[in-house]
Amino acid sequence: MASVVVREYSPTSAEDAKKMEQLEKDCSNKSVVFQVHKVYQNGFHFKAQQFEGFHILYAEDTQTGQACGSVSTGMKTVKLDGKLTKVAYLFDVRVRKLNRRQGIAEKLSKAAEELCLKDGAVFMYLTVNGDNKIAYRLYEKTGFINASNREIVCSLLTTRVPLPLPLSSARVEKVSHDEAAHFVKQMYADLDMAPPDVHTFLKHPRNIGTYVCRDKDSAAGISLWHAQPLFDFDFHRVVIPAHWVTHSLLRVIGWGMLGMFLAFWLHCMHTSMSTGPMWQAVLALCVSVVGGYYIRRALRFVWRLSSAYANRKLIVRQFAPFFSGSNGLALLEQVLAHTRNVCKAEGYLMVFFNLSPADPLYPVCNGDKRFRTIQMIKSLREDVTAVPFKSGSFFDPRDIA
């Protein structure tokens, strides 16, 4: 068991940056055919500095001097139970594989709690994957309780989303920050985790804008958040060294092999139709059509993925949905479809939407994939008790950016 000491990461320290970079490599995905790790071009603290304040701690092995674990916290002021409350968001908990099950994560979390309490935080909360029962039990042992069950709805923007039938003269339009803040305040004024100043929050550089659809006494809308990756991926091995893929000679060879495959396929089809029985020719034709369809979809996805990654437009997060009136949900369905088409036209690859299954908006929020997540909360003061969030609580898109 390694002897460790907890230290605070300094954004200006080159030594700390090297330790955190090595820790990221040690915690990265490694296999025979696939090896990749994150590279933080703007500093390891780039995500944390989006908040009002932050702390990044790492556990240093006293024998080797290497970082064997780290944890980050972001401070912010939100509404909880109708009161402005300072909370800390716990994220990016990682421990090197060789040092797991040694209490390092608990030690880092405890140190982070003490620092956040000194800074005035009343509660600490986090998000854990719904399938990660080990992590859930670990946080439960340290005093966290279930605050909200949520789902991340993911939609791939490979094809255009069909728009629902419009309601009379209803149309979707992008509105100003002032008008957007008015709608969001009406929806989230009394809900947990909402920012105290919605107008300032919606002016964040990553907020793309708010889209609204109105019809008589009904209205609905949603805001879009540009979830530009805060890191790059360094691919060391994906069957072949990844940097080979960018070489022009390899691209020429790849296109040549594809051409040879198509020529061989056409030759086989011609031979089958001219010499073989009819059923064999029909079977070959059916297999070719179906196979060609799925190959086309795969190639389209790879093309959009490479284009989106090159343009830093991988993900858009839909957040702060609102609706009112008798036709509010129907209008929201139109807004969701319209904004996804807008994101596709802008070159984005995926749209994420985080909400609670108990939310009245849940039935109209469709997607290609759903991931279950759990928000957990813990009180940092003995005189205050943590309670679950109210249904329909505000979700901060910075929490998973």
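The values are calculated or read from the model by the stated rules, or taken from the named source; none is laboratory data. All values reported here derive from a predicted model rather than from experimental measurement. Cβ coordinates were reconstructed from backbone atoms using ideal geometry, including for glycine residues, and neighbour counts include every protein chain displayed. Areas reflect the complete protein model, heavy atoms only, side chains present, ligands, DNA and RNA absent. Shrake-Rupley method; radii C 1.70, N 1.55, O 1.52, S 1.80 Å.
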| query | Since ARG94 meets every condition but one in (1) within 20 Å of ILE145 (Cα to Cα); (2) open to solvent by less than 50 Å² (accessible area, probe 1.4 Å), which condition does it not meet? | reply | (1)
| remark: For the stretch 364-401 the number of residues that are farther than 18 Å from ARG317 by Cα, open to solvent by 20 Å² or more (accessible area, probe 1.4 Å) and either basic (Lys, Arg) or not in a loop (DSSP other than H, G, I, E, B) (or both) is 4
| query | Does LYS107 meet the test of being within 25 Å of the chain's Cα centre (by Cα) and among the charged types (D, E, K, R)? | reply | no
| message | Condition check: surrounded by fewer than 15 Cβ atoms within 10 Å (Cβ to Cβ) and either touching a helix residue (DSSP H, G or I) at 6+ places or on another chain (Cβ under 6 Å) or assigned to a helix (DSSP H, G or I) (or both). Does ARG101 satisfy that? | response | no
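Among the residues of the stretch 316-346, write down those that are in contact with a helix residue (DSSP H, G or I) (Cβ under 6 Å, 6 or more places away or on another chain) and more than 20 Å from GLN186 (Cα to Cα).
Residues satisfying the conditions are VAL316, ARG317.
Looking only at the stretch 340-357, which residues are assigned to a loop (DSSP other than H, G, I, E, B) and touching a residue at least 40 places away in the same chain (Cβ under 8 Å)?
GLY347, TYR348, LEU349, SER356, PRO357
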| Does the stretch 119-129 include one or more residues that are closer than 19 Å to TYR9 by Cβ, in contact with a Lys or Arg (Cβ under 8 Å, 6 or more places away or on another chain) and part of a strand (DSSP E or B)? | yes
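Going by the conditions given, is LEU361 without any contact (Cβ under 8 Å) to a residue 60 or more places away in the chain and either closer than 17 Å to VAL212 by Cβ or surrounded by fewer than 16 Cβ atoms within 10 Å (Cβ to Cβ) (or both)?
In short, yes.
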| query | When you look at GLU140, is it among the charged types (D, E, K, R), open to solvent by 60 Å² or more (accessible area, probe 1.4 Å), over 30 Å from PRO357 (Cβ atoms) and in a helix (DSSP H, G or I), yes or no? | reply | no
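Got a sec? Which of SER109, SER176, SER155 is among the small types (Gly, Ala, Ser) and surrounded by fewer than 16 Cβ atoms within 10 Å (Cβ to Cβ)?
Answer to the selection: SER176.
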| request: Inspect the stretch 78-98 for any residue being within 29 Å of SER3 (Cβ to Cβ), free of Cβ contacts under 8 Å to residues at least 40 places away in the same chain and of a type in the set (Asp, Glu) and give the result as yes or no. | output: no
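Please enumerate the residues belonging to the stretch 169-189 that are outside any helix (DSSP H, G or I) and under 22 Å from PHE51 (Cα atoms).
ALA189
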| request: Take the stretch 1-43 and flag every residue that is surrounded by fewer than 15 Cβ atoms within 10 Å (Cβ to Cβ), at pLDDT below 80 and either charged (D, E, K, R) or more than 21 Å from the chain's Cα centre (by Cα) (or both). | output: MET1, LYS30, SER31, VAL32, VAL33, PHE34
| request: State which residue is farthest from THR77 (Cα to Cα) when the search covers only the stretch 121-137 and only residues that are surrounded by fewer than 14 Cβ atoms within 10 Å (Cβ to Cβ) and touching a residue at least 12 places away in the same chain (Cβ under 8 Å). | output: ASP131
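Considering only the stretch 182-207, how many residues are touching a Leu at 6+ places or on another chain (Cβ under 8 Å) and either surrounded by fewer than 21 Cβ atoms within 10 Å (Cβ to Cβ) or aromatic (Phe, Trp, Tyr) (or both)?
2
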| request: Kindly list, by first and then second residue, each pair from a residue in the stretch 195-208 that is in a loop (DSSP other than H, G, I, E, B) to a residue that is among the acidic types (Asp, Glu), limited to pairs with Cβ atoms under 8 Å and residues at least 6 apart or on different chains. | output: PRO195/ASP396
